[in-house]
């Protein structure tokens, strides 16, 4: 019988890339993608029933309430989805590999290039739920936490990635405010999916950072996207983070990824380099295509 993996959040940005790339990066594995419409992860009875039906030998947990604003406005729901559901899945997975996608939002953003051993200090509720879930997951030495930051991709409904958010705002005639003093290390969803599948094939559980090679400001990211998304032209506005209102946002979430890079078969790209190497059109800009230079 083929090995079976459950991927939660299969309709989400990263989850859908993990599912659709399985045949390429995990051939021979039977993948069961579970979306929110098919399974409420906060319903433990339904989760266990599904678990017993599939009997997986690995779980990749991508599902989350991930928008910081939603977490601030609905903290109880955020805790149920991000912490309680994760803890329950981890308990069901006590004897098998379990990969949990966490976030660089566990850091306060007061420095650059965070390493795995750096002390977390979340400043928003989303980051707090992710940190609490991480701690529960890592109690099991067979389990893995992968922290990511800013993901570019094309989602099923066109409303999951930061690129899609920017384009929606521009098309509606709204200015797109991008902070010149807020830094991230963005990575395409296809690269994240490939890295997750490669990590899943290793017997190397633990905590990992996964991000792009370039530390870019939000403004620099927007400028890099202009050739690919002409609808953004004339709508990008450079601002400063002290003008932000709403959920607290860490100023710098660049991640040091040397640990995971050492076990991957390909180099993690920088965002601008990735865009420069893309071939237009015909394929998803954010998928991991053969055009990428491999190690």
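Numbers for the structure displayed
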quantity	calculated
Residue list for the range 223-270, filter: assigned to a loop (DSSP other than H, G, I, E, B) and under 18 Å from residue 191 (Cα atoms)	254, 256, 257, 262, 263, 264, 265, 266, 267, 268, 269, 270
Residues of the range 87-107 that turn out to be part of a loop (DSSP other than H, G, I, E, B) and within 18 Å of the chain's Cα centre (by Cα), as a count	1
Residue check for residue 153: crowded, with 21+ Cβ neighbours inside 10 Å and either modelled with pLDDT of 95 or more or in contact with a helix residue (DSSP H, G or I) (Cβ under 6 Å, 6 or more places away or on another chain) (or both)	yes
Count of the range 197-221 residues which are in contact with a helix residue (DSSP H, G or I) (Cβ under 6 Å, 6 or more places away or on another chain) and closer than 19 Å to residue 101 by Cβ	4
Meets criteria (buried (at least 18 other Cβ atoms within 10 Å of the Cβ), in contact with a strand residue (DSSP E or B) (Cβ under 9 Å, 6 or more places away or on another chain), touching a residue at least 60 places away in the same chain (Cβ under 8 Å) and part of a loop (DSSP other than H, G, I, E, B)) for residue 11	yes
Residue satisfying condition, being buried (at least 17 other Cβ atoms within 10 Å of the Cβ) and at pLDDT below 75, within set 292, 257	292
Filter result for residue 130 (more than 16 Å from the chain's Cα centre (by Cα) and over 21 Å from residue 19 (Cβ atoms))	no
All positions within the range 125-144 that are over 17 Å from residue 208 (Cβ atoms) and crowded, with 20+ Cβ neighbours inside 10 Å	125, 126, 127, 128, 129
Pick from the range 15-47, criterion touching a strand residue (DSSP E or B) at 6+ places or on another chain (Cβ under 6 Å) and part of a helix (DSSP H, G or I), ranking: surrounded by the most Cβ atoms within 10 Å (Cβ to Cβ)	18
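Residue-wise test of (1) in a helix (DSSP H, G or I); (2) in contact with a strand residue (DSSP E or B) (Cβ under 6 Å, 6 or more places away or on another chain).
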site	(1), (2)
159	no, no
165	yes, no
174	no, no
177	no, yes
181	no, no
190	yes, no
193	yes, no
198	yes, no
202	no, no
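The values are calculated or read from the model by the stated rules, or taken from the named source; none is laboratory data. On a predicted model such as this, the values are computed, not experimentally measured, just so you know. Every residue, glycine as well, gets a Cβ built from its backbone with ideal geometry; the counts of neighbours run over all protein chains shown.
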